[in-house]
1. Taking the range 262-288, which residues are in a helix (DSSP H, G or I) and exposed (fewer than 14 other Cβ atoms within 10 Å of the Cβ)?
2. Select from the range 318-340 the residues that are exposed (fewer than 13 other Cβ atoms within 10 Å of the Cβ) and more than 27 Å from the chain's Cα centre (by Cα) and write down the one among them that is nearest to Phe391 (Cα to Cα).
3. What about Glu294, is it assigned by TED's automatic domain parsing to the domain that holds Met376 and buried (at least 19 other Cβ atoms within 10 Å of the Cβ)?
4. For the range 541-571: of the residues being closer than 25 Å to Asp353 by Cα and among the aliphatic types (A, V, I, L, M), which is nearest to the chain's Cα centre (by Cα)?
5. Does the range 373-388 include one or more residues that are out of contact with any Leu (no Cβ under 9 Å at 6 or more places or on another chain) and among the aliphatic types (A, V, I, L, M)?
6. Between Val138, Val132, which is under 24 Å from Ile575 (Cα atoms) and part of a helix (DSSP H, G or I)?
7. Only residues in the range 183-200 that are buried (at least 22 other Cβ atoms within 10 Å of the Cβ) count as the first member; pair them with residues that are small (Gly, Ala, Ser) and assigned to a helix (DSSP H, G or I), Cβ under 6 angstrom, at least 6 apart or cross-chain, and list the lot.
8. Only one of Ala300, Ala249 is on the phi < 0 side of the Ramachandran plot, assigned by TED's automatic domain parsing to the domain that holds Arg171 and aliphatic (A, V, I, L, M); which?
Amino acid sequence: MPDVKTIPVLLTFTMSILAIVDLSAQTRTSSPARPDKTLITNKNEGVMEAAALRNWAKEYYDWRNQENPTGSSEAGLHTWDDRLTDYSPAKIDERAKRTRALLDKVRALKIDNWSKDDQIDALLFRSQLESVDFNTRVLKFERTNPQTYTGECVSAIFSLLKKDYDTPRKRALAATARLKAMPALLKQGLTNLQNPVKLYAQLAIESARAVDPLFNQSVAALDVDLAPNEHEEFAKARATATAAMHSYADELEKRLPKMVDFAPMGEANYNYYLKHVLLLPLDAKEVETIGRAELARYRALEALLPDPKLADPDPARSKNIPPDQESFLKAYESREAEMIAFLKDRHLVTIPDYLGPFQIKQLPEAFKPTSPGGFMNPPGVYDKDPGGFFFIPTYNPQSKNFYIRAAIEDPRPILGHEGIPGHFMQLSIANHLPNEIRRQHGDGVFVEGWALYGEEMLSRTGLYPDNSPAQGQVLHLSRYRAARIGVDVNLHTGRWTFEQAVNYFMEAGGLDEEAARGEAAGAASSPHQKISYIIGKWQIMNLLGRYKDRQGENFNLGQFHDDLIKNGSLPVSIIEWILLDDPTAIKKATSEK
């Protein structure tokens, strides 16, 4: 894939080849054939437009990073660690207009005559802009979702703590600046929230009131080598920010009775996002159909186990129950080496030598409302540190939480999903793509689909004994991921209420009530995210079958995995075009009809 610097060379090469063809023709006929000037002009213009597109993208990323300092810190770019995002109405409007103007420019490009690689970059960059524009036009979270502001505050501090990217003192000074800015940001948030949604507010209240450990004990670890006046300012800023978060929660609670209920985006908007942002060749009805089919399949496969109870994790079946949190986390991490050895022995995928360490850590309280199972922290796209980690909920041997029970009995299915060969490895590969637009593209459908596919792939290739708890866990994890589709589609198209979504997770997905409520809350707060797992896996399975048929006797599963994952985190419809030279899926997704 040529970058901007190589385009003049390639253009010279192309013109030279055309000249050779022309000269050869003159020696064969008295009427020399000449290359079509229109064709040359179109190709020339396409190359120049593609170069312009990449320049627009670079300028956009630089601007976006500065406008979203917390997001930049999360991604490993620490230039603006002492700032928070400006949520004043003027800034919100300015960002929306600038993004929309650029999106209109990209939409206006005629890319049919561009090279395949250039077309792919144009489609990817357009979908990135479509995502931001959709959030502004349709979701309008600055006005409707109080979690926007609690999330900003929590991430602003967490992004300074999660890695030792600089000295504690410098990070403490950055934390001081951000903590001091939080009261004003939260006050601005209350002004912006003209149509707050009650469900989102309840989640924000829960998160704001759980922030004390993060803002006090966790961030206090940075209080090293501070001068006396810096220490005093640091302590005061922490106390003031913590109080501001609690006041924000109190004010939201007062407003709850007048807040609106959760309102779905509607089927038209849902389908627009599927097509223009996720580049999926599916509509809401097709997505739901796949979800129902996969739910039926995995629910039945659970029943076909010699002991169906194997699908329900039970720590009592474990030979070793860790005595405390530290032992639990170490036992979890220790299984990674075993899984890596299995992958290498079976030649199932090539593991890059640049991968850093992958660790298991305790989930902070502030993240529990919408992430009951924990979440993955991969290396950021700008990160110099290649390490990553997965947050697991607080250890409790008596917990009814599915993820805790599963991790005690056998952590390998979740570990493979989050670590190697799952998220940690895939996103590390994505960070090493030479193409800037592709490196910046984080397609959640492929990311979650690959991780879920990996769970079953490891089971079917022999990592777990037959009829083991690990095999049962893999089936159950796919079952409840399939249930997520029904919740996401029906919740956001308006067919179900929130309580119906919770009940569906419990009845169809087989989750306990705590996990079901957290999952439903996550689905409401992050539209389309919950469909990613099964839909991505379905796309990969479909691609695997077609790839195998095309390769014939030369088919090798490990080679398929390498060819697939070397694309980082691009949409599978794009990867299908790259691997099979078949643009059918991406054309269906991007057709204007």
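The values are calculated or read from the model by the stated rules, or taken from the named source; none is laboratory data. Just so we're clear, the structure is a prediction, and the values are computed from it rather than from any experiment. No Cβ is skipped: glycine too gets one built from the backbone with ideal geometry, and neighbour counts run over all protein chains shown.
1. Passing the criteria: Ala268, Lys285.
2. Here the answer is Glu326.
3. Numbers: assigned by TED's automatic domain parsing to the domain that holds Met376: yes; buried (at least 19 other Cβ atoms within 10 Å of the Cβ): yes.
Here the answer is yes, as Glu294 does meet what is asked.
4. Leu570
5. No, that holds for no residue.
6. The unique qualifying residue is Val132.
7. Going by the 6 Å Cβ cut-off, the qualifying pairs are Leu186/Ala244.
8. Just one listed residue meets the conditions, Ala249.
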